[in-house]
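Participant: Below you will find the structure I want to go over with you.
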Amino acid sequence: MCAASKPHLLLIGMMGAGKSTIGRCLAERLGWTFADLDEAIVAADGRSVARIFAEDGEERFRLLESAALAALLAGPRSVIALGGGAPATPENRAPVAGQWTVWLDAAWEVLWERVAGSGRPLAVSPGGFRALWEERRPIYQDLARWRLAVDAISPAEAARRIAGWMDGQGGRGGRHGRLGTGD
């Protein structure tokens with residue numbers, strides 16, 4: 001079958017939203033495979049994300065990211081955790097828009113608390129992080145089919161809510177639906 005008839009489920013959002021953790025739990029619940037875009041980049045390049053940024057810069061990282069995303073989307077149906085900046089790259093927007101996409105959203109302060117001191121290349125200062133969060137939010141909103149606030153729920157609960165939607169909706173839900181966020 002073509003990819004359009006069996007889309008992947010993509011998790012998007014800022015670093016610290018729990019995309020990888022929730023994605024693994026969700027894939028297990030759904031019986032799908034799981035892929036982490038950053039892990040795919042590291043496997044293909046042989047260097048850590050931080051090292052790629054340090055040695056080659058963000059532009060080169062984004063090229064590697066786009067290539068890895070294309071490879072994952074060409075593969076079997078999966079839950080894929082995208083890096084926070086992947087949807088912000090214009091070349092990635094059309095492929096992402098063609099998938100079932102869930103935006104894992106949280107307040108910038110919550111996200112900063114989770115990533116401060118982590119060594120992530122774009123998590124250097126609270127001010128810079130907040131500016132990046134503000135810049136990316138409209139992109140996530142535009143690309144996401146569903147939004148789930150993850151500020152105060154566990155990864156297991158987030159996976160349960162998304163899996164429940166998958167069971168109940170079969171991928172037919174409207175854009176910008178909320179998965180039990182209470183807002």
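The values are calculated or read from the model by the stated rules, or taken from the named source; none is laboratory data. Nothing here was measured: the structure is a model prediction, and the numbers come from that model. With ideal geometry, Cβ positions are generated from the backbone for all residues, glycine too; neighbour counts draw on all protein chains shown.
Participant: So residue 145 clears everything in (1) surrounded by 13 or more Cβ atoms within 10 Å (Cβ to Cβ); (2) of a type in the set (D, E, K, R); (3) modelled with pLDDT of 80 or more; (4) in contact with a helix residue (DSSP H, G or I) (Cβ under 8 Å, 6 or more places away or on another chain) except one condition, right? Which one?
Facilitator: Of the numbered conditions (1) surrounded by 13 or more Cβ atoms within 10 Å (Cβ to Cβ); (2) of a type in the set (D, E, K, R); (3) modelled with pLDDT of 80 or more; (4) in contact with a helix residue (DSSP H, G or I) (Cβ under 8 Å, 6 or more places away or on another chain), the odd one out for residue 145 is (4).
Participant: Six or more apart or on different chains, Cβ atoms under 6 Å: show the pairs whose first residue is in the range 54-79 and more than 22 Å from residue 30 (Cα to Cα) and whose second is surrounded by fewer than 19 Cβ atoms within 10 Å (Cβ to Cβ) and acidic (Asp, Glu).
Facilitator: Pairs found: 64/45; 66/91.
Participant: Taking the criterion of being assigned to a loop (DSSP other than H, G, I, E, B), surrounded by fewer than 14 Cβ atoms within 10 Å (Cβ to Cβ) and either among the aromatic types (Phe, Trp, Tyr) or modelled with pLDDT under 95 (or both), would at least one residue in the range 122-138 satisfy it? First the steps, then the outcome.
Facilitator: Keep residues of the range 122-138 that are assigned to a loop (DSSP other than H, G, I, E, B), which gives 122-125.
After this cut, where a residue has to be surrounded by fewer than 14 Cβ atoms within 10 Å (Cβ to Cβ) as well, the list is 124-125.
Of the ones still in play, those that are also either among the aromatic types (Phe, Trp, Tyr) or modelled with pLDDT under 95 (or both) are 124-125.
Scanning the range 122-138, I find at least one residue that is assigned to a loop (DSSP other than H, G, I, E, B), surrounded by fewer than 14 Cβ atoms within 10 Å (Cβ to Cβ) and either among the aromatic types (Phe, Trp, Tyr) or modelled with pLDDT under 95 (or both), so the answer is yes.
Participant: Can you report the number of residues in the range 57-77 which are closer than 15 Å to residue 87 by Cβ and small (Gly, Ala, Ser)?
Facilitator: Selection size over the range 57-77: 3.
Participant: Being surrounded by fewer than 18 Cβ atoms within 10 Å (Cβ to Cβ) and either touching a Cys at 6+ places or on another chain (Cβ under 7 Å) or modelled with pLDDT under 95 (or both) is the filter here, so list the residues in the range 49-59 that pass it.
Facilitator: Quick first cut of the range 49-59, residues surrounded by fewer than 18 Cβ atoms within 10 Å (Cβ to Cβ) only: 50-51, 53-59.
Matches in the range 49-59: 50, 51, 53, 54, 57, 58, 59.
Participant: Name, by its number, the condition in (1) under 18 Å from residue 106 (Cβ atoms); (2) of a type in the set (A, V, I, L, M); (3) assigned to a helix (DSSP H, G or I) that does not hold for residue 63.
Facilitator: (1)
Participant: Sticking with this structure for a sec: What is the residue count in the range 5-40 for residues that are closer than 20 Å to residue 115 by Cα and of a type outside the set (D, E, K, R)? Explain how you work it out, then say what you get.
Facilitator: Going through the range 5-40, the residues closer than 20 Å to residue 115 by Cα turn out to be 11-24, 36-39.
Next, from what is left, pick out any that are of a type outside the set (D, E, K, R): 11-18, 20-23, 37.
Selection size over the range 5-40: 13.
Participant: From 84, 75, grab the single residue that is under 15 Å from the mean Cα position of the chain (by Cα) and either of a type in the set (Ser, Thr, Tyr) or not in a helix (DSSP H, G or I) (or both). Reasoning before the result, please.
Facilitator: Values: 75 fails: under 15 Å from the mean Cα position of the chain (by Cα).
None of the other options fit; the residue is 84.
Participant: Here's a follow-up. Hey, among 111, 69, which residue is assigned to a helix (DSSP H, G or I), at pLDDT below 90, at negative phi and crowded, with 17+ Cβ neighbours inside 10 Å? Steps first, answer last, please.
Facilitator: On the way: 69 fails: at pLDDT below 90.
Testing whether each residue is assigned to a helix (DSSP H, G or I), at pLDDT below 90, at negative phi and crowded, with 17+ Cβ neighbours inside 10 Å leaves just 111.
Participant: Return the residues of the range 90-101 that are in a loop (DSSP other than H, G, I, E, B) and buried (at least 18 other Cβ atoms within 10 Å of the Cβ); say none if nothing qualifies.
Facilitator: Residues of the range 90-101 in a loop (DSSP other than H, G, I, E, B): 98-99.
Answer for the range 90-101, where residues must be in a loop (DSSP other than H, G, I, E, B) and buried (at least 18 other Cβ atoms within 10 Å of the Cβ): just 99.
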